Protein chains: 4
Amino acid sequence: MELVMRQYPNSWIADSIMCKRGVAGGASGTTHELTEAVQGTYIYTIGPYSTPVLTVKPGDRVVVETKDAFEGAIKSEDDKPSELLKMPFLNPQCGPIMVEGAEPGDTVAVHIESMVPRGPQPRGTCCMIKEFGALTGTYYTATLNEPLPEKVRKVHVDEQHVYWSDRVTLPYRPHIGTLSCSPEIDSINSLTPDNHGGNMDLPDMGPGTVTYLPVRTPGARIFIGDAHASQGDGEVCGVAVEYPTVTTITVDLIKNWAIEWPRLEADDFIMAIGSARPLEDATRIAYRELVYWMEREYGFDRWDAYMMLSQCGKVRLGNFVDPKYTVGAAVSKKYLA
Amino acid sequence: MELVMRQYPNSWIADSIMCKRGVAGGASGTTHELTEAVQGTYIYTIGPYSTPVLTVKPGDRVVVETKDAFEGAIKSEDDKPSELLKMPFLNPQCGPIMVEGAEPGDTVAVHIESMVPRGPQPRGTCCMIKEFGALTGTYYTATLNEPLPEKVRKVHVDEQHVYWSDRVTLPYRPHIGTLSCSPEIDSINSLTPDNHGGNMDLPDMGPGTVTYLPVRTPGARIFIGDAHASQGDGEVCGVAVEYPTVTTITVDLIKNWAIEWPRLEADDFIMAIGSARPLEDATRIAYRELVYWMEREYGFDRWDAYMMLSQCGKVRLGNFVDPKYTVGAAVSKKYLA
Amino acid sequence: MELVMRQYPNSWIADSIMCKRGVAGGASGTTHELTEAVQGTYIYTIGPYSTPVLTVKPGDRVVVETKDAFEGAIKSEDDKPSELLKMPFLNPQCGPIMVEGAEPGDTVAVHIESMVPRGPQPRGTCCMIKEFGALTGTYYTATLNEPLPEKVRKVHVDEQHVYWSDRVTLPYRPHIGTLSCSPEIDSINSLTPDNHGGNMDLPDMGPGTVTYLPVRTPGARIFIGDAHASQGDGEVCGVAVEYPTVTTITVDLIKNWAIEWPRLEADDFIMAIGSARPLEDATRIAYRELVYWMEREYGFDRWDAYMMLSQCGKVRLGNFVDPKYTVGAAVSKKYLA
Amino acid sequence: MELVMRQYPNSWIADSIMCKRGVAGGASGTTHELTEAVQGTYIYTIGPYSTPVLTVKPGDRVVVETKDAFEGAIKSEDDKPSELLKMPFLNPQCGPIMVEGAEPGDTVAVHIESMVPRGPQPRGTCCMIKEFGALTGTYYTATLNEPLPEKVRKVHVDEQHVYWSDRVTLPYRPHIGTLSCSPEIDSINSLTPDNHGGNMDLPDMGPGTVTYLPVRTPGARIFIGDAHASQGDGEVCGVAVEYPTVTTITVDLIKNWAIEWPRLEADDFIMAIGSARPLEDATRIAYRELVYWMEREYGFDRWDAYMMLSQCGKVRLGNFVDPKYTVGAAVSKKYLA
């Protein structure tokens, strides 16, 4: 199928915006361990009110032990999500990680180097949760229909494959579902994406890519969690193959680069990310940000960029199940040269 | 970039649903010429009220001379679309082509074999039309803002490339923007997609693929037009690289296969297509149809299909600029084996 | 409750836009009878392709025998709508009625004088139809939930009351659910509202009001049907108290008044009507048309009108269940003086 | 016009849910003064992290000095909102007010007794803010159009009238735009409505009504602000007649009444309130909550309630300009007897 998902190399990073404009500029820093023990209590709301667990310098590497989105509560296919999950204590995040020197108006760059599964098998979990997902009435698209049945799927995951069923084996396509810097004064539950990042559930946000997040508080306050071993476009049933990982990131800081929404860079494309409802608004945000980006930093005329993206823009539907939906709009780097 | 668009071979067609279930079953029929002269007046509304221009048997080939979406009215970059285009006389279609033996409850299969550009250079046209496109107030998303400027872009197109600008050359990625069978009693302007097909603007609908359309009137009444030499996901400015072609299709008929929405098949995936507003509803329709398809014809349990697509479903955003937005939801054939 | 629905007097009509600007100018014309026998086959699609049943002059009165939206098929509370109703043969319309002298660019005025129930009791019908209504997954908001149960409610209706249940008696608040002029070349099923009118399901469209519809074909081609004995804002379950009536209308023609969307006038307010999805777009259309109307015909500055409606504009939600949703935006005539 | 807005008497309060089920049960308590001095710094985000300014017992009265939504920064019609307003420091709130004994699972009742304008004339402010409002591209409905012009309107307001212009005088129809209890762990900017209340901008929320808010943290933490001297349905330009007031409220507590979304009661109707995007989802939430309310507390069969609201439900569009849109769905008390 043509819309293949693939993993990106790390070798291109020296040419990334992160390395070209970051404070560290590609130089290696210290490696920090953000284990479960260091993290202690995981975080469910992304804001400026929680206590930092770590402070890093631009260029530092952090090895993070993420928990799955259910914090390990769903252990068996006989479990009932409705009995084990309690809103809003879902989607546990590691952090906040403070970045030295980060101030509002700057941008943090997060390079995901690797994501390694951890924990006993079957370590992957998918499920159907009442009134959650795209093909059901929900909390917001409120209907009087009976909810869909609750279902749990426990899945073996290794660094090559996701063993979905006897019939179907999927490739391992790891990515981070939730990555954020703190909003200025609000605190947003970790289930919701917005202009701070959050629960974007964007399959492109995997090893070999760099995510850029706007800094809105001193120290940036990075939160990370919600690893997926695979996820389809839109995350239609509401849940990916959720699993615990050891995820290694490198953090850098780009001073005085004020972006409004998160952005992503891979070896061969740049992507602007929007999160909103309805879905067309998420797509509008992403494409408008991409037009502005091409105009301001790649020398395109605004209307040329707009019409050209109408011929070669690429859209990734992250999710259309979370409280806001997420879309990435991308353009190939070969057209930016 | 990973979301590459590619062209499909025709060699897999013998294994397609069309060949396996169609009346012709892959046997070659007569070749018909639907030239401009045969077509005479082009059609702007898709319904049961227009006079057929051709009748074909299942298995027949039709060589169609499509006009561009502006019927050639925009000739120069100095032209003003607002002075040359008049609603609803836009997006001219060839047809209706009657299919012998087609009855409501059947499905028509349209295999696009090839799309060859025709006409003098620069034969491709893109433009910005007042209150049309995704990043502007529109007729429906009614605002009081001044419209964006009108712009016209004339583009050289050959069978290898679309010469967008001095800076950017795009690959030739031809596809049919508007493909339909007639609704039962309504007649829908050729700018609008819906469950009859219509103006889907789906970049996958190119050479080497088969589109399946529900038959709702005797004879099916196929309409075709709106060729694009390239188009980005979502067709963000509202217009692709519109151009005239000689398009060759083969038509077959699958008796007693009642589908509700259009479907598309390529060598390596199957795709269900939904058109609606808001965009999440188009996506819901596409994914629900895909779940039903997997359940009814590939032996999947409904909930297994739903959860599995949450891991490996692929979404193509056709357009989010037309009166209804179009989304394709696809799954790789390798997971259907 | 403050959002009361009331019936309007006919006495103000001499001061209406219809009488001040219409060809007839308030003069009485001939009275025509459009009985079931004269109508013959009722119409399910609003377009230029059906055969006229009547031609009237501006100022003429027409006494119309409307059928209920189910064409009388639902006779008992034991009936199953799914067994008796067949898409798209729903919502039968009377017409087309040709208006002498009507040309594209004109506006037709339809003054509803009275609506009298007819037929044996219980003559009112409400029901719950599978995958139709606001609080259920639907054809477009496609879900995998089990449909809601089918329910039928037969209701006594007289000119004072709607006898809903032993517990609840509602006032008789008659109005026309579907009122249209033909689109230019399309034909739109009678279940869908759009800029031609159609299935607006707007409770204000009752006796004592005038509806203005844009003329898009010679003769205008008026269609009317779908009487409701009462309806709440939004028609939440998808169905009002549907019933057959003798409805008396007077038709006039306003030359060279080109409106884009339907409008409504009562003794004390003017209302612009928009139909679209999502619901905010219907509301945007209605409010934008109202701003334009105040600017062009009542001498308001555009921004003053916009800000003033932010203080005193009134919104009626007609339906949010039909293929497009309908909203009226209104302003009191006392502020237009 | 029929959709009149009126002010409600306080005399019916003894029969309200608040008095019948509240801890105070209609008994008068202490009167507290929440002056500007007591408040000190106003609050811009609704959450559990700010320091309480007052603790009250059920039945207590609080006299609150609200500031206008711009905190008085817009003083002249020559002011530019873009130079004076800084996100997210808008819509200043008084509070948090702690309610003794309030626990998650309870409901707080806020009876608005009176709203008296304060401050020098012209004390009312309306304006057009860049990329904010319903008839313009916005932060979320992202377009490339030039923003609408910035406009400021300063308006005389007294307890009888809002002197909009030389031409138009509007009645004084005071109401509270923003009323909240704290979310459990999130903190939501005061511009956004959601299931905690927030910036609902519902014109019904005026003197003589009672608003019910779900308690999600110990002590409830009430926030109040954003007084409007008048507001049309939908608040179309984004801003009402914003003004400073002395607002008097009485607070009561209903133990073990767990509501999911805010509710409102007046002398003659009950209303459920939903906030979401798109607008149909806000309306769905409101109507579903109303169906549940009628079923659980007024003895209606679910399907009877659903079909009956399709005949007599009333919808108020609060706003369709804020980050989430707000709708109230109401039913007359006379049908609940």
Breaking point among (1) modelled with pLDDT of 95 or more; (2) more than 7 Å from chain C (Cβ to nearest Cβ), for D:Ala337: (1)
Answer from B:Ala37, B:Ala69 - the residue that is without any contact (Cβ under 8 Å) to a residue 12 or more places away in the chain and among the small types (Gly, Ala, Ser): B:Ala37
Of the criteria (1) within 10 Å of chain D (Cβ to nearest Cβ); (2) at pLDDT 95 or above, which one C:Asp322 fails: (1)
Inter-residue pairs, beta-carbon under 6 Å, first without any contact (Cβ under 8 Å) to a residue 24 or more places away in the chain and in region D:282-297, second of a type in the set (D, E, K, R) and surrounded by fewer than 23 Cβ atoms within 10 Å (Cβ to Cβ), 6+ apart: D:Glu295/D:Arg302
Single unsatisfied condition, C:Trp303 versus (1) closer than 21 Å to B:Tyr139 by Cα; (2) open to solvent by less than 10 Å² (accessible area, probe 1.4 Å): (2)
Single residue of region D:158-199 satisfying the filter (within 20 Å of D:Ala109 (Cβ to Cβ) and small (Gly, Ala, Ser)) that is farthest from the other protein chains (Cβ to nearest Cβ): D:Gly197
Considering residues of region B:126-138 that are open to solvent by less than 10 Å² (accessible area, probe 1.4 Å) and within 12 Å of chain D (Cβ to nearest Cβ) only, the residue nearest to B:Arg277 (Cα to Cα): B:Ala134
Filtered residue count, region A:240-260, keeping only those that are in a loop (DSSP other than H, G, I, E, B) and within 15 Å of A:Glu297 (Cβ to Cβ): 5
Selection count, region C:96-106, where residues are away from chain B (no Cβ under 14 Å) and either touching a helix residue (DSSP H, G or I) at 6+ places or on another chain (Cβ under 9 Å) or part of a loop (DSSP other than H, G, I, E, B) (or both): 4
Residue list for region B:217-239, restricted to those being of a type outside the set (D, E, K, R), crowded, with 24+ Cβ neighbours inside 10 Å and part of a loop (DSSP other than H, G, I, E, B): B:Ala220, B:Ala229, B:Ser230, B:Gln231, B:Gly232, B:Val236, B:Cys237, B:Gly238, B:Val239
Hits in region D:232-254 - residues which are of a type in the set (D, E, K, R) and either facing chain C (nearest Cβ under 9 Å) or closer than 19 Å to D:His196 by Cβ (or both): D:Asp233, D:Glu235, D:Asp252
Hey, C:Ala258 farther than 30 Å from A:Thr143 by Cβ and surrounded by fewer than 23 Cβ atoms within 10 Å (Cβ to Cβ) or not: yes
Boolean, C:Gly318 is under 21 Å from D:Arg316 (Cα atoms) and small (Gly, Ala, Ser): yes
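Residue-wise test of (1) crowded, with 24+ Cβ neighbours inside 10 Å; (2) over 26 Å from C:Asn195 (Cα atoms); (3) among the β-branched types (Val, Ile, Thr); (4) modelled with pLDDT under 95.
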| position | (1), (2), (3), (4) |
| --- | --- |
| B:Tyr140 | no, no, no, no |
| B:Val152 | no, yes, yes, no |
| B:Glu159 | no, yes, no, no |
| B:His175 | yes, yes, no, no |
Index of the failed condition, B:Tyr306 passing every other in (1) touching a residue at least 24 places away in the same chain (Cβ under 8 Å); (2) within 12 Å of another protein chain (Cβ to nearest Cβ): (1)
Residue tally, condition under 22 Å from D:Asp186 (Cβ atoms) and either in a strand (DSSP E or B) or acidic (Asp, Glu) (or both), over region A:186-216: 11
Failed item, numbered, when C:Cys312 is tested on (1) more than 9 Å from every other protein chain (Cβ to nearest Cβ); (2) within 23 Å of C:Asp233 (Cβ to Cβ); (3) not acidic (Asp, Glu): (1)
Number of positions in region B:79-93 that are within 14 Å of another protein chain (Cβ to nearest Cβ), surrounded by 18 or more Cβ atoms within 10 Å (Cβ to Cβ) and aliphatic (A, V, I, L, M): 1
Unique match (being out of contact with any strand residue (DSSP E or B) (no Cβ under 7 Å at 6 or more places or on another chain) and at pLDDT 95 or above) among C:Arg221, C:Arg216, C:Arg288: C:Arg288
Single residue of region B:270-282 satisfying the filter (open to solvent by less than 10 Å² (accessible area, probe 1.4 Å) and out of contact with any helix residue (DSSP H, G or I) (no Cβ under 7 Å at 6 or more places or on another chain)) that is nearest to the other protein chains (Cβ to nearest Cβ): B:Asp281
Residue count for region C:4-51, restricted to those that are within 13 Å of C:Asp267 (Cα to Cα), open to solvent by 40 Å² or more (accessible area, probe 1.4 Å) and of a type outside the set (Lys, Arg): 6
Residue pairs meeting the criteria (Cβ under 9 Å; at least 6 apart or on separate chains; first more than 14 Å from chain A (Cβ to nearest Cβ), in region B:257-269; second charged (D, E, K, R)): B:Trp257/B:Arg21; B:Trp257/B:Asp106; B:Ala258/B:Asp106; B:Ile259/B:Glu289; B:Glu260/B:Glu289; B:Trp261/B:Asp194; B:Trp261/B:Glu289; B:Arg263/B:Glu289
Any hit, region C:39-62, residues being within 20 Å of the chain's Cα centre (by Cα) and part of a helix (DSSP H, G or I): yes
All strands (runs of 3 or more DSSP E) inside region D:114-174 with 1 or more residues being within 22 Å of the chain's Cα centre (by Cα) and among the hydroxyl-bearing types (Ser, Thr, Tyr): D:124-128
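The values are calculated or read from the model by the stated rules, or taken from the named source; none is laboratory data. For clarity, every value in this text was computed on a predicted model and none was experimentally measured. All Cβ positions, even for glycine, are placed from backbone atoms using ideal geometry, and neighbour counts span all protein chains on display. The area values use the complete protein model at the heavy-atom level, side chains included, leaving out ligands, DNA and RNA. Shrake-Rupley method; radii C 1.70, N 1.55, O 1.52, S 1.80 Å.
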